[in-house]
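For reference, the structure discussed in these notes is given below.
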Amino acid sequence: MKKIVALIMAIMMVCALVPAMAETYTTDFDVPATGEKFVIYAWNDEFKGMLQNYYIPAVGGTVAEDGTMTLPNGDQIEFVVNPNDNGVYQQKLDAALSAGEHIDMFLIEADYALKYVDSGYTLPLEEIGITADQLAKQYPYTVTVATDSNGQIKGSSWQAAPGLFLYRRSLAEKYLGVKSPEEMQEKVKDWDTFLATAREVNEKSAGATKLIPSNGDVWQVVRTVRSTPWVDEAMNLVIDDQVKWYFDFAKTLRDENLTAMATPWTEAWNAGVGNDSIMGYFFSTWGIQWTMVGNSGGSKPGEGTYGDWAAVNGPQPYYWGGTWLTAATTCSNKALAKDIIEYFTIETGSMQDYCLKSKDYVNNTEAIQAIIDAGFSFDFLGGQDHYSLFQAVTPLIDISAMSAYDQNINICMDAEVNAYASGEKDYETAIQDFKDAVVDMYPELTAE
Amino acid sequence: MTNRAPKKRHAKGVDTSRYGYFFIAPFFLIYLVFQAYPLLNTIYLAFQKYMITGTNKVVGPTFVGLANFKNVLVKGSTLQAFENTAVMWLINFIPQILLALLLAKWFTDTRLKIRGQGAFKVMIYMPNIITAASISVLFYSLFAYPQGPINSLLAQLGVIDKALYADSGTAALTAIYFLEKGWHTRLIIAFINFWMWYGHTMIVLIAGMLGISPSLFEAAEVDGASPNQIFTKITLPLLKPILLYTLITSLIGGMQMYDIPQMMQMQGSPAKTMTMTVTMYIMELVYTGTKDYGRGAAVSVLLFLVTAVLSIILFYIMRDKDATRERKALKKARKEARA
């Protein structure tokens, strides 16, 4: 876990250098000073870096060498960062919120966004002066996620998170004879073909290269294309056919040694991007610019695996993650919250600037269209325009399976699917233990 | 005008007796606020249904009698957690006390006269200085999978296939996934505890042994007792109070085992069912998913009861039987004398 933090920080430092060279986008700043620190809760340094590298320079503020951010009006921005691992971020955030500590803004992720959207801890955007009309250019699903049961919009996302399948061009050519992304897509167009391809890669490379890092990566896709959420309206845990399918798929992968057994976010999983042990990853928008580039072992084509990657749609259109900005009920400076949210999630100019420099995929259809029209290519992906692929996938994103319980229930399921795949438990035992664990964690739920 | 009052006090001298109460007051105040109140509140909460659900809705507190205890004992993982804790404590404590006794005996033995004792003691005690969390992170990395230091060592020794291991793609086929297996992880956790604490136990036992009068050992030697006899007939019996202290403190510490198993837990690892300790389970009930204060408090109360009962049993087993017998004999003699 420490390693991941260290790695992310290292990536941050590299990322910090890039935009410094480009021309700075500027915008007006007329937020009155409050004399208080503006406190933001987050689970990593990504948004902190976005403020330091984009927002603060754009409004004419200063970033000290130790990272302290000062706005032109003299107010400072402070970050409280707790990692997502094992649900730590939620624990710390909940404790601070229920104790009424001073928090101005906090970030929420797709896994548990609904929990905070539908709570009294977040302010409706209207209250800080942002109207629903202003969100018209955002992808509709991101607005739906942030809308509570009373129809009020509580948060706004700077990114859409459609997912793709990323693969190494050289390895695909070596083991599969594949020369173009179109041919590769044929090899992974559905899960049966995907499995056959995984076997082919394993066989041709004599086990030295695997198509995917672990079964957990498959779940990242399947979890978002499920037809039912984990918890139905009767507060009952729903285990549908797709879960059963995933258990069996995971077992097949493990029995036949078709994955590198590198669980997401472990050292081996990160390292796999830079060596030849893993041929492909499922990643969404942020994963490419935030995780893959940093782990590729290079920063320009020819170094490490940089430039050897390509993107295809993969077996199913899916999404992974996504971050929403929310203003906390205890927000002391609503004008600043409004300004930050507008800068990153509403204004086309600033979002386009951020998008081009960071290679993130912004939540603004107009900005994306403009970028694609101007001719976009990303050297990390061998000059491919993956934004066009993202643009096609995003309208297909279906969030009907999203629930407030996702993160913790998925962690419970991980343990059982691994126990089943390794042969330690049979399916019935694993499912029963899974149900028990979920009801133990959420006593208000039932599991039949 | 006369002001007699102060004069009177002067005449009597300064009354110092009540200052004693002022000096001990801070302890009692802090104890009341930070120990007694939470303790009583936990017992109170154990009988309430009180939680914040997964969607941030507050339920309770309402009195539910023993429902929380029933729930955690029948449905929850409480028994499993107690078993995990007990197993991991036992496999750490038994070798720990044996090794500590052996080392303490060697270091205190006047005939052995080990050189560089200070250096050895420091080195043996060293692991105890580092925070448990850092050591856990260290071991977590040592047992990394598929490629990691311990697996590399096993490959070098020929325990796992060297050729397969050398390639990052095929390493997974032969490397051992320690942190996914229940017993492997249990042993690693027990080993860390053992390694961290045997030095501490040894120092305590050395202190105990040095407290035994040397004349006893000399007398035994003069009488021709063998080193083994000296150890079992003199050292051990006289060390009993110290052994009891070590046992009880280690038991209480062991029952509250938290940081090491928590840090060794890989997210989504099936090993969790075999390595989750009681305190980890309490933390999970109270902080993960629904924040269930009622059931968390119920498990805390159970932990308190089990620790208390075990300590009482230990006290009973380790009591000074001779002293009790003497007291009884004395009483009897007095009775007879009276009669």
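No lab work stands behind these numbers, since they all come straight from the coordinates. Quick caveat: nothing in here was measured; it's all calculated off a predicted structure. Cβ: placed from backbone, ideal geometry, glycine included. Neighbour counts: every protein chain shown.
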> Taking H as built 1.01 Å from N, whose amide H comes closer than 5 Å to the amide H of residue B:48, not counting residues under 5 places away?
Replying inline: B:64
> Put +1 on the Cβ of each Lys and Arg and -1 on the Cβ of each Asp and Glu in chain B; which of B:53, B:26, B:214 then has its Cα farthest toward the positive end of the dipole?
Replying inline: B:26
> In this model, which of A:115/B:272; B:105/B:331; A:244/B:272; A:338/B:49; A:187/A:359; A:174/A:425 are farther than 32 Å apart at the alpha-carbon?
Replying inline: B:105/B:331; A:338/B:49; A:174/A:425
> How large is the charge dipole for chain A, taken about the Cα centre, if only the Cβ atoms of Lys, Arg (+1) and Asp, Glu (-1) carry charge, to the nearest 20 debye?
Replying inline: 1040
> What dipole magnitude, in Debye to the nearest 20, does the protein assembly as shown give about its Cα centre under +1 on Lys/Arg Cβ and -1 on Asp/Glu Cβ?
Replying inline: 5840
> Expressed as a rounded percentage, what relative contact order does chain A have, with Cα pairs under 8 Å and six or more residues apart?
Replying inline: 23
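Report the GluC sites (Glu not before Pro) located in region A:179-244 that are in a DSSP loop and have at most 10 other Cβ atoms inside 10 Å of their Cβ, or state none.
Here the sparse-neighbourhood loop sites are A:233.
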> To the nearest 20 debye, what is the magnitude of the charge dipole of region A:56-106 about its Cα centre, counting +1 on the Cβ of each Lys and Arg and -1 on the Cβ of each Asp and Glu?
Replying inline: 100
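Percent relative contact order of region A:220-347, based on C-alpha pairs within less than 8 angstrom and at least six residues apart?
Relative contact order here is 23 percent.
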> Quick one: Cα centre-to-centre distance for region A:119-134 and region A:243-322, in angstrom?
Replying inline: 36
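Net charge within 13 Å of residue B:46 by Cβ-Cβ distance, Lys/Arg positive one each and Asp/Glu negative one each, not counting residue B:46 itself?
Numbers: positive: B:49, B:70, B:295; negative: B:292.
Net of charged neighbours comes to +2.
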> Hey, what did region A:202-289 get for relative contact order, percent, Cα under 8 Å, at least 6 apart?
Replying inline: 48
>> Show me, for region A:242-254, the HN-Hα J-couplings you get by feeding each phi into the Karplus relation (A = 6.51, B = -1.76, C = 1.60, θ = phi - 60°), rounded to Hz, glycine and proline as x.
In response: 5, 5, 4, 4, 5, 4, 5, 4, 4, 5, 4, 4, 6
>> As I understand it, the dipole of chain A uses +1 on the Cβ of Lys and Arg and -1 on the Cβ of Asp and Glu, about the Cα centre. Which of A:292, A:350, A:142 lies farthest toward its positive end?
In response: A:292
>> Amide H of residue A:164 versus every other amide H placed in the peptide plane: which residues, excluding those fewer than 5 positions away on the same chain, fall under 5 Å?
In response: A:283, A:284
> Over what distance in Å are the Cα centres of region B:98-148 and region A:143-160 separated?
Replying inline: 55
> Would you list A:431, A:40 from fewest to most Cβ contacts within 10 Å?
Replying inline: A:431, A:40
> Just going by the charge dipole of chain B, with Lys and Arg at +1 and Asp and Glu at -1 on Cβ, which of B:190, B:158, B:236 is farthest out on the positive end?
Replying inline: B:236
> When a footprinting reagent is the concern and you count Cβ atoms within 10 Å, what order do A:188, B:278, A:80 take, fewest first?
Replying inline: A:80, A:188, B:278
>> Spelling out what I want: for every residue of region B:329-339, take phi, set θ = phi - 60°, compute 6.51 cos²θ - 1.76 cosθ + 1.60 (Karplus), and round to whole Hz; glycine and proline get x.
In response: 4, 4, 4, 4, 4, 4, 4, 4, 4, 5, 7
> So how do B:90, B:154 line up by other beta-carbon neighbours within 10 Å, fewest first?
Replying inline: B:90, B:154
>> Whole-Hz ³J(HN,Hα) for each residue in region B:71-83, computed from phi via Karplus 6.51 cos²θ - 1.76 cosθ + 1.60 with θ = phi - 60°, x for glycine and proline: what do you get?
In response: 4, 5, 7, 8, 9, x, 9, 4, 5, 4, 5, 5, 4
>> For residue A:38, what residues show an amide H to amide H distance below 5 Å, using hydrogens built from the backbone and excluding near sequence neighbours?
In response: A:76, A:77, A:78
>> For the protein assembly as shown, what does the helix formula give at 222 nm: sum of -39500 (n - 2.57) over DSSP H segments with n ≥ 4, over the residue count, nearest 500 deg cm²/dmol?
In response: -16000 deg cm²/dmol
